[in-house]
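Trainee: Below are the C-alpha cells for one structure; questions will follow.
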Amino acid sequence: MAMALWLLILIPILAAPIAWMGQQWSRHAPRWIVLGALAIDFILALWLGGQHSAGQASGHGAWLAESHTSWIPRWGISLHLGLDGLSVVLILLTAFVGIVATIASWTEIQSRVGLFHCQVLLALGGVIGVFLAIDLFLFFFFWELMLIPMYLLIVIWGHAQRRHASFKFFLFTQAGSLVLLVAIVALALLHQQATGRPSFDYADLMGLTLTSEMARWLMLAFLIGFLVKLPAPPFHTWLPDTYAEAPTGATIILAGILAKTGAYGLLRFTLPLFPEALNEVAPIAMGLGVVGILYAAVLACAQTDIKRLVAYSSISHMGFILLGAFAGTELALQGVMMQMVAHGLSTAGLFLLAGALEERYQTRNMGQMGGLWSVTPRLATMTLFFACASLGLPGLANFIGEFLVLFGSYATQPVMIILASLGMVMAAIYSLGMMQRTFFGRQQDTRTASDLSNVAFGTLLFIAGLQIWLGLYPKAVLTTTKPVMEQLIQHALVSANTIHVPSESLLSSHIVTSQGSTP
Amino acid sequence: MLSLLWLIPVLPLAGFLLLALCGGRLSRQHIAWVGCGSVGAAAVTTALVAIDFFSLFPAREFYQQTSWNWIDTSGMTVGISWYLDALSLLMVAVITGIGFLIHLYSAEYMAHDDGYARFFAYMNLFVAAMLTLVLADNLLLLYLGWEGVGLCSYLLIGFWYREPEYGTAAQKAFIVTRIGDTALAIGLFILFTQFKTLSIQQVQSLATGAWPVGSNLAMIVAVLFLIGAVGKSAQLPLQVWLPDAMAGPTPVSALIHAATMVTAGVYLIARMHHLFELAPMVQEGIAVLGLVTLLLAATSALVQQDIKRVLAYSTMSQIGYMFLALGVGAWPAALFHFLTHSCFKALLFLAAGSVIHSLHHEQNIFKMGGLRRHLPWTFWTFLIGAAAMSGVPLITSGFYSKDWILWSVWSSPLSHRWIWFGALLGAMLTGLYSFRLIFRVFFGEVRTQPTGESGLAMRLPLVVLAFLALTVGFLEMPHTLGNVTLFSHYLSHALPTTALLPGMDESSEAREQLAVTVAALLGIGLAALLFLPGSLFGARGTDQSTTHPSMTLLQGGWGFDRLYDRLFVQPWFAITRNSSDMVDRGYEWLAVCAESCHGWLSHTQTGQVRWYAASIAVGTLMLLGLFAM
C-alpha cells in the first residue's frame, strides 16, 4: 500500500522523460504515453479508493494508506505521504482532467510535442504529490514542483501575450508560495520551541498549541498562500491573463486542477492547523468568498474575450469554495468537495470548447463570432450544456456543489448567503450572453469551419455524462469524503472549544449546526 | 399501476435524449413519432396511474414513491421522490393531455422548419421538467423542475436563433424569472436551516407547529416563495418577460406560455398553502397583486396590434384571476380556472397559430380580416375559445371558473368589496379584448389572402380543445345552476375548502352572478359596437396609426419595460461596459513604480569612478551619523 502511494507520484514523473524521448518514435507517441501514465494512475487511485471505503468500516485511523520514511531527521523532515477520501477524489480528478487536457492539445500543439507532454506529466506529478504529502516540507517541494512546468507550458506554447502572462503567473504564485514557506518554517520552529525538536510533520503540527496571536498571523499566511492559487480577490488578477494566454491544454490543467490545490490547502492545512484563530478569520475569508463570487461575475459579464469570460466565471465559482470552507458546517464542506469536482469538470469542458473556437476562428473575441450554431452544431450543443452547468442548472454537478455550500452556510452567515445567491442571476447573464454572442444571432464570420472531431465530441459527451451522473447521484463523491469532513469539523470544534470560551455567536452557531447534522 | 408513477416524467425525458443524441439521423416522420409518442405515452401512463389512484381514492389521499436518494449526507436527506395527490394528478393530466395535443399540432405546424428535431427535443425536455415540478415530493426536486422549465422556455423562445431580437427576448425571460428563482432558493435555505428537511409535506407541518400565524419568518419565507411564483407566472412586478416571449413558435406559446409553465406559480402557492395561511398579510398581497396585474394586462391587451401579444397579455390577466383566487383563499377556484384556462388559452394560441400559418407568418391584426369564410374551422374554434375566455354564460367553461372566482371574492372573509369591483371590471375588459380580436381577424374585408385551412394534425387538436373549452366547466357548477361539485369535492382532499362570510346565500349568489354575466356580455357588446365592421364605430377600423401618449403607454404594458431599463438595465450596462479589472490597476501601478525606480536608480550607474567613490563616502558618513544618533 505504501509503495502504491509513491507509485501515484512516480508514474507521471518517470513517464515524463520517456514522453520527451517518445517524440523520436512518432508524432503521437508522447500523447499516448501521457494517456497511458494517467490511465494507470487513475486506476491505481480508484483501487486505493476502493480499499479506502472498505477499510472505512473499521472506523478510526486518519489515513487509510500511509507511507513514512525518514529524510532529514535533523530538521524533522520526512517523506510522509497519506491518503484519505479527500486526496483520492482529487487525484482521480487530476488524472481525468489531465487526460482531457491531452486530448484538447491533440491538434493544437504541433511544435516540440515531446517537451510539452513531458511538462504536463511533471506538473501533474507535482499536483498529485501536493495531494499526498503530509510532511509540510515535502508538501512545499511538490507545491513548487508543479509551478515550474506550468510556467514553461505557458511561456513556450502560449498565445501572443504569453510572456507577460507567464511572468505575472509566476510572480503571483511565487509570492504566495514565499508567504506560505515563511509560515511553514515558523511552524517548524515553534514546534522546536515547544518540544525541543523541529518538525514539519502534519500530525506533530496539528498537536501544537499556539497563542491566539501567533495562530492568527500564521493562519493568515496560510490563507494568503492558498488564496493566490484558488484564486480569490484581491489576489486573482494573474488568472484571466494566464488562462487566456496559455495553450488550451495548460488552461484546462490550470483551471481544472491547479485551482483545486489552493482549495485542498485550505481544507488540509489552513482549517485544521489553526482552529484557535478560526473564529476570527472565518468571517473575513467568507466575505472574500462572497466578494469573489460577485466581483468576478460582474467582470465576466463585461468580457468580450471568451476565454477571459470563462476565466472570470471560474473565479466566481471558486468563491463558493472559499465561502463553504469557512462556514464551519459539514454540509458546506461537502458542498466544497462537490464544487471542486464539478468545477473541475465543467471548466475543463468550457476551456476545451473555447480553445476549439479559437483554433477555428483565430480569435477569442466574441464580437467577431455569432450565428455559429448552424456551422458547428456539435460545438454549439456542447457549449450550451456546459454553459448550463456553469449557471448552476439543477441536475448537474455544479448545482449540487453550490447549493450544498449555500444550504450549509446559511445558518452561519445568512446575509452573505443572500448576497452570494445574487451570483446565480449574474451567472445566468454571462453564460447566456456567451451563448448569444457566439452561437446565436446573425452569422458574422461566414467562413465554414469543421465541427468538433469525434474524439473531442466523445470526450465532451463523457464529461457531460459525468456532470449528469454526479448531479443526480452525488453520493459517489460525498460518501468518499464524508469521514474526512466529519473529522475536520470535529477537530476544529474540539480544539476551538478547549482553547476559547465559546462566547462569539459564530462559534455557538457552529456547535448548533454540528449537533443538528451529525446523528 | 401506481408504481409506474416515475415513468410519467421519464418517458418525455427519454424522448428528449433520443432526439438530442440521434435526432440528426432520424427522418422527419420518425422525429414527430418520437416527439409526440413520448408525450402521448406519458398521457397514457397518467391515465393508468389515475385509474389506480381513483380505485382507492379518497381512502388513500396520496401516493409517494422514491426512485433513489439524491443527496444523503451531513444531515441533509433529499430523494428523487414523487408525490401524487389530487392536486398533482390534476396538473399532470393537464400537462400530458394538452401537451400531447400541442405536440400533435406542432408536427404539422413546424413541418418545414430546419430545426425539427431540435424543436421536439426541447419540447419533450420541457414536458419532462414540468412533470418533475408538479410531481416533486420535496422542494429541491421541485426546484430542479422549476429551473428546467425555465431553461426550456429560454431555448424555445430563442428557437429561431438567427434573429437577435428573439435571443434578447429569450435571455430576458430567463434572467427575469431567475430573479424570482433566486428568491425561491433563499426561501429554501431558510426552510432547511429551520427544519432540516425539504419535504414539502414535512416542512409545512413543521412550520405550522413552529410558527404562529403572522410570525416574521413565515412572512419572509412566504414573500420569497411569492417572488418566485410571480417570476414564473408573469405577475407584477416580474411580468415584463411574457409579451416578448411570444418570439417563440406559436405551439411553444400555447404549451409553455399559456397552458403550463406560467401557471407553475399558481401551483407553487397552492402546494404551499399551509405556509401562506401562516402569513395572512402576504396572502392579501397575492390578491392585490393578482387584481392589479389582471387590470393592467387587460387594458394592455386592448390596444395590442400583434395577435400573439394580445393573447400574451390576456394570459397575464387570466393568471391574475388565479392569483386573486389564491389570495382570497379560494384554492379550488384558482385551480379550476387553471384547468379551464389551459384548455381555452391553448385553443386560442393554436387557432391563432393556424391563422398565422395561413397568412405567411403575418401577426398584425390590422393586416388581417374576413377570415371567417376562408378558415371556417379556425374561426369556429377561435370563437369558442374567445367566448370561453370572456365567460359567455352557461355554455362555456370560462364562465363557470370565473364566476366561481368572483363569487369567492365577493363572499370570502379575506376579501374586500373594491377587489370584487376591480375583478368585475376585468371581466368586462376580457370580453372587450377577446371579441376585438374576433371582429378584427375574422370579420370585415380580407386584407391578406390566406392560403387555406390547415391539415388534420392541426385541426384535430383545435376541435378537441374546443370541445374541452365548452365542457370542462360542467365539472363544477354553482348552487344556483345545477349545483355540481365534482371538482371541489375532488380537490378538497388536497386543498382547504373556501370559507364563506356569514349570510351568503343563494339569492346573493344569484345577484352576484347576474352582475358577472352582465359584465361579460357588456364587454362583448361593446366590442361589437367598437370593432365590428359596419357597426356604429366599427368603420374607423384602422386605429393603427394612433399615437396618443396613453395609447403608447398601454401598448408598452404600462411602461414597465422603460422603467426597468432606466433602473436596472442601463446602470448594469454602465457597470459592465468596462471590462478591465480595478484590482489589477493596483498591481499595474506597483509594476510601473518598480520600473521607474529601476530607471531612476540606473542613472547612478555612470561608470565614473569618482562618482562611485563620492557616493561610497557619503553613504559611509550617513551610516556613521545614524549610528552616532
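The values are calculated or read from the model by the stated rules, or taken from the named source; none is laboratory data. Note that the structure is predicted; figures quoted are calculated from it, not measured. Backbone-built Cβ (ideal geometry, glycine too); neighbour counts: all protein chains shown. The accessibility values were calculated without ligands, DNA or RNA, using every heavy atom of the protein model including side chains. Shrake-Rupley method; radii C 1.70, N 1.55, O 1.52, S 1.80 Å.
Trainee: Quickly run through the range A:68-92 and pick out the residues that are open to solvent by 10 Å² or more (accessible area, probe 1.4 Å) and either assigned to a helix (DSSP H, G or I) or under 23 Å from A:A37 (Cβ atoms) (or both).
Mentor: Listed by number, the residues that qualify are A:P73, A:R74, A:W75, A:L79, A:V89, A:L92.
Trainee: Just to be sure, is A:S26 surrounded by fewer than 17 Cβ atoms within 10 Å (Cβ to Cβ), assigned to a helix (DSSP H, G or I) and at pLDDT below 90? So that I can check it myself, show each step before the final result.
Mentor: Numbers: surrounded by fewer than 17 Cβ atoms within 10 Å (Cβ to Cβ): yes; assigned to a helix (DSSP H, G or I): no; at pLDDT below 90: yes.
Taking the combined requirement at face value, the residue does not satisfy it.
Trainee: For A:G441, state whether it is on the phi > 0 side of the Ramachandran plot, small (G, A, S) and within 11 Å of chain B (Cβ to nearest Cβ).
Mentor: Details: on the phi > 0 side of the Ramachandran plot: yes; small (G, A, S): yes; within 11 Å of chain B (Cβ to nearest Cβ): yes.
The answer is yes for A:G441.
Trainee: Regarding the range B:69-85, can at least one residue be identified that is more than 30 Å from A:E330 (Cα to Cα) and either in a strand (DSSP E or B) or out of contact with any Ser or Thr (no Cβ under 8 Å at 6 or more places or on another chain) (or both)? Walk me through how you get there before you give the answer.
Mentor: Looking only at the range B:69-85, we keep the residues that are more than 30 Å from A:E330 (Cα to Cα), and these are B:84-85.
Now restrict to residues that are either in a strand (DSSP E or B) or out of contact with any Ser or Thr (no Cβ under 8 Å at 6 or more places or on another chain) (or both): B:84-85.
Looking through the range B:69-85, at least one residue is more than 30 Å from A:E330 (Cα to Cα) and either in a strand (DSSP E or B) or out of contact with any Ser or Thr (no Cβ under 8 Å at 6 or more places or on another chain) (or both).
Trainee: I'd like the full set of residues that are surrounded by 22 or more Cβ atoms within 10 Å (Cβ to Cβ) and assigned to a loop (DSSP other than H, G, I, E, B), limited to the range B:183-208.
Mentor: B:L198
Trainee: What's the number of the condition A:P283 fails, among (1) within 12 Å of chain B (Cβ to nearest Cβ); (2) out of contact with any strand residue (DSSP E or B) (no Cβ under 7 Å at 6 or more places or on another chain); (3) open to solvent by 10 Å² or more (accessible area, probe 1.4 Å)?
Mentor: (1)
Trainee: Are any residues in the range B:152-166 within 10 Å of chain A (Cβ to nearest Cβ) and aliphatic (A, V, I, L, M), and if so, which ones?
Mentor: Residue satisfying the conditions is B:L155 alone.
Trainee: Sticking with this one: Checking the conditions here, which among B:L324, B:L295 is of a type outside the set (D, E), under 19 Å from the mean Cα position of the chain (by Cα), at negative phi and surrounded by fewer than 24 Cβ atoms within 10 Å (Cβ to Cβ)? Working first, answer last.
Mentor: Details: B:L324 fails: surrounded by fewer than 24 Cβ atoms within 10 Å (Cβ to Cβ).
Just a single option satisfies the conditions, and that option is B:L295.
Trainee: I'm checking my understanding of the structure. Among residues of the range B:577-629 that are assigned to a loop (DSSP other than H, G, I, E, B) and within 60 Å of the chain's Cα centre (by Cα), which one is surrounded by the fewest Cβ atoms within 10 Å (Cβ to Cβ)? Give the steps one after another, and end with the answer.
Mentor: Of the residues in the range B:577-629, the ones assigned to a loop (DSSP other than H, G, I, E, B) are B:577-581, B:603-608, B:629.
Remaining after also requiring within 60 Å of the chain's Cα centre (by Cα): B:577-581.
On the way: B:R577: 8, B:N578: 10, B:S579: 16, B:S580: 12, B:D581: 24.
Checking each candidate, the answer is B:R577.
Trainee: Determine the pairs where a residue that is among the acidic types (D, E), located within the range B:98-112, has a partner that is in a helix (DSSP H, G or I) with Cβ atoms under 7 Å apart, the partner being 6 or more residues away or on another chain.
Mentor: Here the result reads B:E108/B:A457; B:E108/B:M458, each pair linking the range B:98-112 to a residue that is in a helix (DSSP H, G or I).
Trainee: Same structure again: Please list, ordered by first then second residue, the pairs with beta carbon atoms under 8 Å, 6 or more apart or interchain, first in the range B:563-574 and open to solvent by 50 Å² or more (accessible area, probe 1.4 Å), second among the basic types (K, R).
Mentor: The qualifying pairs do not exist here.
Trainee: Any residue at all in the range A:341-358 that's in contact (Cβ under 8 Å) with a residue 40 or more places away in the chain, away from chain B (no Cβ under 14 Å), hydroxyl-bearing (S, T, Y) and open to solvent by less than 10 Å² (accessible area, probe 1.4 Å)?
Mentor: Within the range A:341-358 (the criterion being in contact (Cβ under 8 Å) with a residue 40 or more places away in the chain, away from chain B (no Cβ under 14 Å), hydroxyl-bearing (S, T, Y) and open to solvent by less than 10 Å² (accessible area, probe 1.4 Å)), the answer is yes, since at least one residue qualifies.
Trainee: Quick one: is B:L19 within 14 Å of chain A (Cβ to nearest Cβ), in a helix (DSSP H, G or I) and surrounded by 22 or more Cβ atoms within 10 Å (Cβ to Cβ)? Don't jump to the end; show me each part of the working.
Mentor: On the way: within 14 Å of chain A (Cβ to nearest Cβ): yes; in a helix (DSSP H, G or I): yes; surrounded by 22 or more Cβ atoms within 10 Å (Cβ to Cβ): yes.
Judged against the criteria, B:L19 is a match.
Trainee: Which one of A:V291, A:V281 is closer than 13 Å to A:L223 by Cβ and in contact with a helix residue (DSSP H, G or I) (Cβ under 8 Å, 6 or more places away or on another chain)? Steps first, answer last, please.
Mentor: Details: A:V291 fails: closer than 13 Å to A:L223 by Cβ.
Only one candidate qualifies: A:V281.
Trainee: Another question, then. Among the residues of the range B:367-422, write down those that are charged (D, E, K, R) and either open to solvent by 10 Å² or more (accessible area, probe 1.4 Å) or assigned to a loop (DSSP other than H, G, I, E, B) (or both).
Mentor: Step one: list which residues in the range B:367-422 are charged (D, E, K, R), which gives B:367, B:372-373, B:402-403, B:417.
Hits for the range B:367-422 are B:K367, B:R372, B:R373, B:R417.
Trainee: With the requirement that a residue be in a loop (DSSP other than H, G, I, E, B) and within 11 Å of chain A (Cβ to nearest Cβ), what does the range B:114-144 give you?
Mentor: Our first condition is that a residue be in a loop (DSSP other than H, G, I, E, B); within the range B:114-144, this holds for B:114-115, B:137.
The answer is B:D114, B:G115.
Trainee: Hey, among B:G444, B:G525, which residue is more than 26 Å from B:F338 (Cβ to Cβ) and touching a Pro at 6+ places or on another chain (Cβ under 6 Å)? Break it down into steps so the answer makes sense when it comes.
Mentor: Values: B:G525 fails: touching a Pro at 6+ places or on another chain (Cβ under 6 Å).
Checking each option against the conditions leaves just B:G444.
Trainee: If the requirement is being more than 9 Å from chain A (Cβ to nearest Cβ), assigned to a loop (DSSP other than H, G, I, E, B) and closer than 21 Å to B:A346 by Cα, which of these qualifies: B:A93, B:A173, B:A111? Before the answer, list the steps.
Mentor: Numbers: B:A93 fails: assigned to a loop (DSSP other than H, G, I, E, B); B:A173 fails: assigned to a loop (DSSP other than H, G, I, E, B).
After ruling out the rest, the residue left standing is B:A111.
Trainee: Right, B:G180: in a helix (DSSP H, G or I) and in contact with a Lys or Arg (Cβ under 7 Å, 6 or more places away or on another chain) or not? Before you say what the answer is, go through the steps one by one.
Mentor: Numbers: in a helix (DSSP H, G or I): yes; in contact with a Lys or Arg (Cβ under 7 Å, 6 or more places away or on another chain): yes.
For B:G180, the condition - in a helix (DSSP H, G or I) and in contact with a Lys or Arg (Cβ under 7 Å, 6 or more places away or on another chain) - is met.
Trainee: I would also like to ask the following. Anything in the range B:482-507 that is surrounded by 15 or more Cβ atoms within 10 Å (Cβ to Cβ) and of a type in the set (S, T, N, Q)? List them, or say none.
Mentor: B:T485, B:S488, B:S492, B:T498
Trainee: Let me ask something else about it. I'm checking my understanding of the structure. Among residues of the range A:12-23 that are closer than 20 Å to A:F141 by Cβ and in contact with a Gly (Cβ under 8 Å, 6 or more places away or on another chain), which one is most open to solvent (accessible area, probe 1.4 Å)?
Mentor: Initial filter on the range A:12-23 (closer than 20 Å to A:F141 by Cβ): A:12-17.
Going one step further and asking which of them are in contact with a Gly (Cβ under 8 Å, 6 or more places away or on another chain), we end up with A:12-13, A:15-16.
Working: A:P12: 2, A:I13: 40, A:A15: 12, A:A16: 0 Å².
So the residue we want is A:I13.
Trainee: Hey, can you tell me all the residues within the range B:70-79 that are surrounded by 23 or more Cβ atoms within 10 Å (Cβ to Cβ) and either within 19 Å of B:S3 (Cα to Cα) or in contact (Cβ under 8 Å) with a residue 24 or more places away in the chain (or both)?
Mentor: B:W70, B:I71, B:M76
Trainee: Please pick out the residue among A:M366, A:M338 that is within 14 Å of chain B (Cβ to nearest Cβ) and out of contact with any Gly (no Cβ under 7 Å at 6 or more places or on another chain).
Mentor: Details: A:M338 fails: out of contact with any Gly (no Cβ under 7 Å at 6 or more places or on another chain).
Answer to the check: A:M366.
Trainee: Same structure, new question: For residues that are polar (S, T, N, Q) and surrounded by fewer than 17 Cβ atoms within 10 Å (Cβ to Cβ), scanning just the range B:423-466, find the one that is nearest to B:W410 (Cα to Cα).
Mentor: First, pick out the residues of the range B:423-466 that are polar (S, T, N, Q): B:430, B:434, B:448-449, B:451, B:454.
Filter again for surrounded by fewer than 17 Cβ atoms within 10 Å (Cβ to Cβ), leaving B:448-449, B:451.
Numbers: B:T448: 45, B:Q449: 47, B:T451: 48 Å.
For the range B:423-466, the residue satisfying everything is B:T448.
Trainee: Let me ask you something else. Considering every residue within the range A:416-437, establish whether at least one is of a type outside the set (D, E, K, R), in a helix (DSSP H, G or I), more than 11 Å from chain B (Cβ to nearest Cβ) and within 21 Å of B:I80 (Cα to Cα).
Mentor: no
Trainee: May I ask you to verify whether B:F100 is more than 11 Å from chain A (Cβ to nearest Cβ), open to solvent by less than 10 Å² (accessible area, probe 1.4 Å) and of a type in the set (A, V, I, L, M, F, W, C)? Give the derivation first.
Mentor: Values: more than 11 Å from chain A (Cβ to nearest Cβ): yes; open to solvent by less than 10 Å² (accessible area, probe 1.4 Å): no; of a type in the set (A, V, I, L, M, F, W, C): yes.
No; evaluated as a whole, the condition is false for this residue.
Trainee: Which is away from chain B (no Cβ under 14 Å), open to solvent by less than 10 Å² (accessible area, probe 1.4 Å) and touching a Phe, Trp or Tyr at 6+ places or on another chain (Cβ under 7 Å), of A:L266, A:L258? Steps first, answer last, please.
Mentor: Numbers: A:L258 fails: touching a Phe, Trp or Tyr at 6+ places or on another chain (Cβ under 7 Å).
Matching residue, one of A:L266, A:L258: A:L266.
Trainee: Next question. What number goes with the only condition from (1) over 29 Å from A:I468 (Cα atoms); (2) hydrophobic (A, V, I, L, M, F, W, C); (3) in contact with a His (Cβ under 9 Å, 6 or more places away or on another chain); (4) within 12 Å of another protein chain (Cβ to nearest Cβ) that B:A234 does not pass?
Mentor: (4)
Trainee: For B:L217, are the conditions met, namely being within 14 Å of chain A (Cβ to nearest Cβ), more than 30 Å from B:Q305 (Cα to Cα), of a type outside the set (K, R) and free of Cβ contacts under 8 Å to residues at least 60 places away in the same chain? So that I can check it myself, show each step before the final result.
Mentor: Working: within 14 Å of chain A (Cβ to nearest Cβ): yes; more than 30 Å from B:Q305 (Cα to Cα): yes; of a type outside the set (K, R): yes; free of Cβ contacts under 8 Å to residues at least 60 places away in the same chain: yes.
The answer is yes for B:L217.
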